[in-house]
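What follows is a single structure, written as structure tokens, with notes after it.
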Amino acid sequence: MPELAETYACVPSTERGRGILISGDPKSNKVLYTNGRSVIILDLNNPLNVSVYGEHAYPATVARFSPNGEWVASADVSGTVRIWGAYNDHVLKKEFKVLSGRIDDLQWSPDGMRIVACGDGKGKSLVRAFMWDSGTNVGEFDGHSRRVLSCAFKPTRPFRIVTCGEDFLVNFYEGPPFKFKQSHRDHANFVNCVRYSPDGSKFISVSSDKKGIIFDGKTAEKIGELSSEDPHKGSIYAASWSPEGKQVLTVSADKTAKVWDISEDGSGKLKKTLTCSGSGGVDDMLVGCLWQNDHLVTVSLGGTISIFSASNLEKSPLQLSGHMKNITSLAVLKSDPKCILSGSYDGLIVKWVQGLGYSGKLQRKENSQIKCFAAAEEEIVTSGFDNKIWRISLHGDQCGDGDSVDIGSQPKDLSLALLSPELALVTTDSGVVMLRCTKVVSTINLGFAVTASVVAPDGSEAIVGGQDGKLHVFSIVGDTLKEEAVLEKHRGAITVIRYSPDFSMFASGDANREAIVWDRVSREVKLKNMLYHTARINCLAWSPNNSMVATGSLDTCVIIYEVDKPASSRMTIKGAHLGGVYALAFTDEHSVVSSGEDACVRVWKLTPQ
């Protein structure tokens, strides 16, 4: 049966002009962040050790470990909080509807009995504290008039709760049961994050007015500020205390993170400014941070996670990155089968190495969106939403210069002849375009709605699939197509066609959840009844030795069929990707790589039955 060998995690979802609040568990050195409906648990000691919780019905916004590390509370945009086990199967313990709008932050009380959550109340309460097991309210939270962006629980008795938000206020509550005590209006803009020091003696609030203010933890009097020598030059989005409570890490839209020494009297002196190497664009703005044991973690707007070492701030950080959006294509390079390229529609191409994980982004000179993507030995070919096809040479990790050609209408599918990769076949709505290098050699109107195509490795034959479920086989003579046969078996629009590596068979999949393997010479059906998906088939891949076909579908499953055995003896990977599987590739006979809507890439090991 297939076993999950590796997961290359997605990066945190970010939003321009807002911070994200990531958190962690100091005991196990794991961090929590969210992307779409998934909550990701990432191990800082081993970034390939990733666990994903995907049970939220709406996009998740924030997640926190309980003080004992056994439970996780996570919240979503509908105002629901789910409490689930941090290990093994992530069993659901409780689910509460807490607010009527999006939850932006939540915190556990230090005894693990209460949870405070804040966010957008859509006219109702903006903050609620409740018992974690019964959901009963523990207090009244008045005093905010707009969305509350962050809340904090004092980690020592007597308990206090402090909140801050878009009304520029920092509010202080005593309890339990909690009631409003006082309010501070020292900030001149949104207050993005408030955090207590681990010993509960102070708390800090940071704001879009570029200031950080330190208050007394028990009385909430203002005692100091972060110094104005070399301050942040942009909004400060998040802050995190060091474990011993003497230092604070802040991140800002000015693309830097700063470490501050906080003295006993509450003033903050700059210790070090941390900068990450990046492209220099808006994607380098820092929006989230966490100080966990010896790791200083920062998150940029583009999703890159940088991990600095607290004991040696001079050391350059370990950078992890990946996709934030649906990964629609995968390519495995023939020259180095351990190297996987993945592309998402927002124009990002990431290189992964099996066993190591993230190994860099491919920076293209033209960073346009990607709809289809194919890779040959030394070049990648992409098509976007602007009717252009790009051919970009690839030198190791660097992209060379690209040439583009405009084909006049929107490309739907793109196929390269692997043995002579200068030949490419591109399908449009009503026909196909043949390219040699970057010249359009012919544009052929086929007279039916085209949905998928493939060109043979040696460039002698092409198969085009239509909206009506028919497969049209053409021989390529010079620069024209000559129709050889029409194959009728599918009952839905063809979504994908692929030749086997030895060119003896081809497989096709349709929108009506069926796949078929055909013999290429006799054009007879070789494997039928491949009807085990419950939704549209998005992608399909052959194993290098032609013995297996894998199909991936919108129903989140990957199914692997052996060509010589009946379809019923299949291997199924259920729930491979939350939201659907969109790309598949084999790296060798026993490894299949999948990617999908959840922006993760997974490598599965197959053990023959």
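The values are calculated or read from the model by the stated rules, or taken from the named source; none is laboratory data. In this text the structure is predicted, and so the values were computed from the model without any measurement. Positions of Cβ are generated from backbone atoms using ideal geometry, with glycine treated the same way; all protein chains shown enter the neighbour counts. To get the accessible areas, we keep the full protein, side chains included, count just its heavy atoms, and leave off ligands, DNA and RNA. Shrake-Rupley method; radii C 1.70, N 1.55, O 1.52, S 1.80 Å.
Could you check the stretch 152-245 for strands (runs of 3 or more DSSP E) lying wholly inside it with 1 or more residues that are crowded, with 21+ Cβ neighbours inside 10 Å? Even if it seems obvious, please write down each step before you answer.
Working: elements: 160-165, 170-174, 179-184, 191-196, 202-207, 212-216, 222-225, 236-241.
In the stretch 152-245, the matching strands (runs of 3 or more DSSP E) lie at 160-165, 170-174, 191-196, 202-207, 212-216, 236-241.
Within the stretch 113-150, can you find the residues that are small (Gly, Ala, Ser) and within 19 Å of Leu21 (Cβ to Cβ)?
Listed by number, the residues that qualify are Ala117, Gly119, Gly121, Ala129, Ser150.
In the stretch 375-391, the qualifying residues are those that are more than 16 Å from Asp429 (Cβ to Cβ) and either open to solvent by 20 Å² or more (accessible area, probe 1.4 Å) or more than 25 Å from the chain's Cα centre (by Cα) (or both), and the one that is modelled with the lowest pLDDT is Glu377.
Scanning the stretch 107-133 for residues that are out of contact with any Leu (no Cβ under 9 Å at 6 or more places or on another chain), among the aliphatic types (A, V, I, L, M) and within 16 Å of Phe65 (Cα to Cα) returns Met113, Met131.
For the stretch 335-355, a residue qualifies if it is without any contact (Cβ under 8 Å) to a residue 60 or more places away in the chain and either in a loop (DSSP other than H, G, I, E, B) or open to solvent by 20 Å² or more (accessible area, probe 1.4 Å) (or both), and the qualifying residues are Ser335, Asp336, Tyr345, Asp346, Gly347, Leu348, Lys351, Val353.
The residues listed here are Asn538, Asn512; of these, the one that is in a loop (DSSP other than H, G, I, E, B) and free of Cβ contacts under 8 Å to residues at least 60 places away in the same chain is Asn512.
How many residues does the stretch 493-536 contain that are β-branched (Val, Ile, Thr) and crowded, with 17+ Cβ neighbours inside 10 Å?
Residues of the stretch 493-536 that are β-branched (Val, Ile, Thr), as a first pass: 494-497, 516-517, 521, 525, 534.
From the residues that got through so far, the ones that are crowded, with 17+ Cβ neighbours inside 10 Å too are 494-497, 516-517.
Of the residues in that region, 6 qualify.
Filtering the stretch 215-247 to residues that are β-branched (Val, Ile, Thr) and closer than 24 Å to Val62 by Cα leaves only Ile236. If I ask for residues that are crowded, with 16+ Cβ neighbours inside 10 Å and without any contact (Cβ under 8 Å) to a residue 40 or more places away in the chain, which ones from the stretch 52-70 would you list? Tyr53, His56, Ala60 - these are the residues of the stretch 52-70 that are crowded, with 16+ Cβ neighbours inside 10 Å and without any contact (Cβ under 8 Å) to a residue 40 or more places away in the chain.
The rows are residues; the columns are (1) of a type outside the set (Gly, Ala, Ser); (2) in a strand (DSSP E or B); (3) closer than 21 Å to Val473 by Cα; (4) more than 28 Å from the chain's Cα centre (by Cα).
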| site | (1), (2), (3), (4) |
| --- | --- |
| Ile516 | yes, yes, yes, yes |
| Arg523 | yes, no, yes, yes |
| Thr551 | yes, yes, no, no |
| Ala576 | no, no, no, no |
| Gly579 | no, no, no, no |
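Only strands (runs of 3 or more DSSP E) whose full extent lies in the stretch 77-117 are considered here, and the ones with at least 1 residues that are touching a strand residue (DSSP E or B) at 6+ places or on another chain (Cβ under 8 Å), of a type in the set (Gly, Ala, Ser) and on the phi < 0 side of the Ramachandran plot are 80-85.
Would you mind stating whether Leu348 is hydrophobic (A, V, I, L, M, F, W, C) and more than 15 Å from the chain's Cα centre (by Cα)?
Working: hydrophobic (A, V, I, L, M, F, W, C): yes; more than 15 Å from the chain's Cα centre (by Cα): no.
No; evaluated as a whole, the condition is false for this residue.
To keep it simple, each residue is scored yes or no on (1) surrounded by 14 or more Cβ atoms within 10 Å (Cβ to Cβ); (2) in contact with a Pro (Cβ under 7 Å, 6 or more places away or on another chain).
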site	(1), (2)
Asp76	yes, yes
Asn88	no, no
Gly101	yes, no
Asp105	yes, no
Ala117	yes, no
Asp120	yes, no
Phe130	yes, no
Val138	yes, yes
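Restricting attention to the stretch 428-479, the residues that are closer than 17 Å to Val521 by Cβ, polar (S, T, N, Q) and assigned to a strand (DSSP E or B) total 1.
On the stretch given as the stretch 293-320, residues that are in a loop (DSSP other than H, G, I, E, B) and surrounded by fewer than 18 Cβ atoms within 10 Å (Cβ to Cβ) total 8.
Within the stretch 323-338, the set of residues being over 14 Å from Glu377 (Cα atoms) and of a type in the set (Ser, Thr, Tyr) comprises Thr328, Ser329. Checking each residue in the stretch 586-597 for being touching a residue at least 60 places away in the same chain (Cβ under 8 Å) and open to solvent by 10 Å² or more (accessible area, probe 1.4 Å) picks out Phe586, Thr587, Asp588, Glu597. Annotation: of all residues in the stretch 544-553 being of a type in the set (Gly, Ala, Ser) and surrounded by 23 or more Cβ atoms within 10 Å (Cβ to Cβ), the one that is nearest to Val563 (Cα to Cα) is Ala550. Based on this model, can you work out whether Gly123 counts as touching a strand residue (DSSP E or B) at 6+ places or on another chain (Cβ under 9 Å), under 24 Å from His56 (Cβ atoms) and of a type outside the set (S, T, N, Q)? So Gly123 does not fit the description; no.
Of everything in the stretch 350-362, what is touching a Ser or Thr at 6+ places or on another chain (Cβ under 7 Å) and under 17 Å from Thr304 (Cβ atoms)? Give them in sequence order. Please lay out each step first, then the result.
Of the residues in the stretch 350-362, the ones touching a Ser or Thr at 6+ places or on another chain (Cβ under 7 Å) are 350-354, 358, 361.
The answer is Val350, Lys351, Trp352, Tyr358, Lys361.
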